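> Pasting a structure here, questions to come.
Every read-out reported here was derived from the displayed coordinates using simple, explicitly stated rules and does not represent laboratory data. Source: prediction; values computed, not measured. Here Cβ is always computed from backbone atoms with ideal geometry, including for glycine, and neighbour counts include all displayed protein chains.
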């Protein structure tokens, strides 16, 4: 488990969103056009190194600039709409061993519940939380739970809406992180949850 990984990522994310947000000048006609297109979203299955697959909206494009430890990275920049998703996977055995070594593994909780508890705490660091909601269970193919987090990041003028999925596979644990501007949260919620739920191992 790489403590501080997501905080470093959040800072770089802030720079991306700050730069994009400051250049927004779209009008109502552009917003209406984008909203109409969002109603016709199609998804495609993306295979990741033969390990797992996810359904991603076909208008999102693959990238490598969001996080150097992510096994999947997609983005959509069509101002004023911004949408991003990454997946980071790690060894389940190593995670459990580490928590046992630190004597913080909760035997009354499942592996994915322990994982979610640790990741939720890390992911909230360095952010000014507006609203936080834990999702105890997500009905996907694999055991998973999640979190919704609305927050402000220092130096970024626009609040951000994050959706997290914490997923337990046979040998790996997955953190799915997808986000958009808070102003786009309601329109993005269903797509975010669909992507998280769709993660399945090969």
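> Could you tell me how far the Cα centroid of segment 50-108 sits from the Cα centroid of segment 175-194, in Å?
Measuring centre to centre over Cα atoms gives 14 Å.
> Next question. Would you order 195, 60, 109 from fewest to most other beta-carbon atoms within 10 Å of each residue's own beta-carbon?
By the 10 Å Cβ count, ascending: 109, 60, 195.
> Tell me, in nm to one decimal, what length is gained between residue 58 and residue 91 on full extension, where the rule is 0.36 nm per residue of separation less the Cα-Cα distance?
Full extension from residue 58 to residue 91 adds 8.9 nm.
> How do 111, 176 rank when sorted from fewest to most other Cβ atoms within 10 Å of their own Cβ?
On the way: 111 16, 176 26.
Ordered from fewest to most neighbouring Cβ atoms within 10 Å, 111, 176 come out as 111, 176.
> May I pose another question? Sort 175, 64, 158 by Cβ crowding within 10 Å, fewest neighbours at the top.
Fewest-to-most Cβ neighbours within 10 Å comes out as 64, 158, 175.
> If r is the Cβ-Cβ distance from residue 133 to residue 194 and R0 is 25 Å, what FRET efficiency results, to the nearest 0.05? Display every interim value, and only then the final one.
Numbers: r = 18 Å, r/R0 = 0.71.
With R0 = 25 Å, the Cβ-Cβ based efficiency is 0.90.
> Which value does Rg/Rh take for segment 35-93 over its C-alpha atoms, Rh per Kirkwood?
A ratio of 1.02.
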